[in-house]
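Participant: My structure is below; once you've seen it, I'll send some questions.
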Amino acid sequence: MDAPRGMADKAMLRTLRGDQPSRPPIWLMRQAGRYLPEYRATRAEAGSFLDLCYNPDLATEVTLQPIRRFGFDAAILFADILLVPQALGQKLWFVEGEGPRLEPVESREDLGRLKRTEDIHETLEPVYETVRRLSGALPRETTLIGFAGAPWTVATYMVAGRGGLDQAPARKWLYSESEGFAKLIDLLTEATIAYLLRQIEAGAEVVKVFDSWAGALAPDQFQKYAVEPARRITVAIKAIHPDVPVIGFPRGAGAGYAGFAKATGVDAVALDTSVPEEWARDALQSDSAVQGNLDPILLITGGDALVRRAERLIEILGDGPYIFNLGHGITPEADPAHVETLVRTVKG
């Protein structure tokens with residue numbers, strides 16, 4: 001009888017336990033996306049981005065597409081970080097070519113419009129069904145990653161009603177009425193815990209928390225709104241699923257990367273493009289596995305620069321627990337042939 005998928009000897013899971021496989025496992029943020037012609041075809045079939053996220057057949061398909069094409073060591077659930085605020089009752093829509101829009105939550109009074117954490121699962125059930133299908137469809141050597149946006153990053157979209165460069169609306173609220181903003185962070189922390197636990201129950205073997213706008217926080221606010229929610233999420237997951245690894249991504253944290261794993265309990269820290277690999281080796285790898293941090297632009301340009309940079313990252317970080325990835329998500333302009341070159345380089 002075959003062993004369950006989770007018991008397979010997977011390079012990704014071994015690395016997250018602190019082992020060193022013969023080569024670093026590789027997957028890429030946004031590996032299912034617009035750079036792939038098969039994704040674009042499925043996206044057109046879905047009708048809209050949100051319809052794609054909530055259609056288990058199609059979301060499963062686009063998650064599997066880069067696994068079939070490139071043989072990555074991990075697949076990450078296809079969804080969006082803003083499904084949680086939508087499940088909480090915030091109006092969400094996407095403008096073609098511009099990105100997400102939400103009806104802003106701007107005050108403590110606006111929080112009264114939102115649902116309770118226990119009421120989010122009916123909306124999110126199609127996501128859990130996608131995880132269940134992926135758990136049965138992936139090759140046994142491929143690790144399944146679930147994910148959510150970090151409370152601070154999700155809050156920045158909820159408050160502004162869209163993405164921005166400096167996250168000023170959320171920062172204004174946290175300074176002008178910190179108690180009300182803290183209630184929003186608390187609600188999102190509890191919702192994120194509930195969401196990730198359901199993903200794990202459905203078959204996710206690793207979960208990742210994306211704090212894409214952590215770098216917008218001042219140092220004291222970084223501790224309060226990035227580190228502490230990540231700690232609460234990790235502790236809650238480990239209390240029920242102690243063997244499920246958690247990856248944290250405090251993008252733009254700078255010096256805040258130091259000590260992040262110890263302070264939060266995450267098993268791995270994903271590095272943005274700005275983090276020097278030598279510093280990551282010396283300052284971070286003793287605390288946790290590290291993941292990253294190839295510049296996504298190299299998947300547009302390709303050539304010797306791509307190969308040399310990939311080999312340099314492996315040379316510096318490969319003597320410790322290391323997962324090869326990008327410093328941010330793959331861009332729509334990336335050339336699939338360059339992605340193939342990267343995978344061959346890492347696996348070679």
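The values are calculated or read from the model by the stated rules, or taken from the named source; none is laboratory data. Given the structure is predicted, the values throughout are model-derived calculations rather than measurements. Reconstructed Cβ throughout: ideal geometry from the backbone, glycine too, with neighbour counts over all protein chains shown.
Participant: Taking the condition of being assigned to a helix (DSSP H, G or I) and of a type in the set (Lys, Arg), how many residues in the stretch 91-127 meet it?
Facilitator: Number of matching residues: 1.
Participant: In addition: What single numbered condition from (1) more than 22 Å from ARG101 (Cβ to Cβ); (2) in a helix (DSSP H, G or I) fails to hold for ARG171?
Facilitator: With respect to (1) more than 22 Å from ARG101 (Cβ to Cβ); (2) in a helix (DSSP H, G or I), ARG171 is out only on (1).
Participant: Given VAL266, VAL207, which one is at pLDDT 95 or above, within 27 Å of ASP9 (Cα to Cα), of a type in the set (Val, Ile, Thr) and not in a loop (DSSP other than H, G, I, E, B)? Talk me through it step by step, then tell me what you get.
Facilitator: Values: VAL266 fails: not in a loop (DSSP other than H, G, I, E, B).
The unique qualifying residue is VAL207.
Participant: Further question on the same structure: Can you tell me which residues in the stretch 113-167 are closer than 20 Å to GLY89 by Cβ and charged (D, E, K, R)?
Facilitator: ARG113, LYS115, ARG116, GLU118, ASP119, GLU122, GLU125, ARG162
Participant: Does SER274 satisfy being free of Cβ contacts under 8 Å to residues at least 40 places away in the same chain and among the polar types (S, T, N, Q)? Walk me through how you get there before you give the answer.
Facilitator: Details: free of Cβ contacts under 8 Å to residues at least 40 places away in the same chain: no; among the polar types (S, T, N, Q): yes.
Judged against the criteria, SER274 is not a match.
Participant: Considering only residues of the stretch 140-165 that are closer than 17 Å to LYS183 by Cα and of a type in the set (S, T, N, Q), which is surrounded by the fewest Cβ atoms within 10 Å (Cβ to Cβ)?
Facilitator: Applying the filter and picking the extreme gives THR156.
Participant: Now for a different question. Please verify whether GLY71 is at positive phi and within 20 Å of the chain's Cα centre (by Cα), treating the condition exactly as stated.
Facilitator: Yes.
Participant: Return yes or no: is ASN293 touching a residue at least 60 places away in the same chain (Cβ under 8 Å) and either part of a strand (DSSP E or B) or hydroxyl-bearing (Ser, Thr, Tyr) (or both)? Even if it seems obvious, please write down each step before you answer.
Facilitator: Numbers: touching a residue at least 60 places away in the same chain (Cβ under 8 Å): no; either part of a strand (DSSP E or B) or hydroxyl-bearing (Ser, Thr, Tyr) (or both): yes.
It is false that ASN293 is touching a residue at least 60 places away in the same chain (Cβ under 8 Å) and either part of a strand (DSSP E or B) or hydroxyl-bearing (Ser, Thr, Tyr) (or both).
Participant: Any residue in the stretch 79-101 that is touching a residue at least 60 places away in the same chain (Cβ under 8 Å) and farther than 26 Å from ARG133 by Cα sitting within a Cβ distance under 8 Å of a residue that is among the aromatic types (Phe, Trp, Tyr) and surrounded by 18 or more Cβ atoms within 10 Å (Cβ to Cβ)? List the pairs, counting only those 6 or more apart or interchain.
Facilitator: PRO100/TYR157
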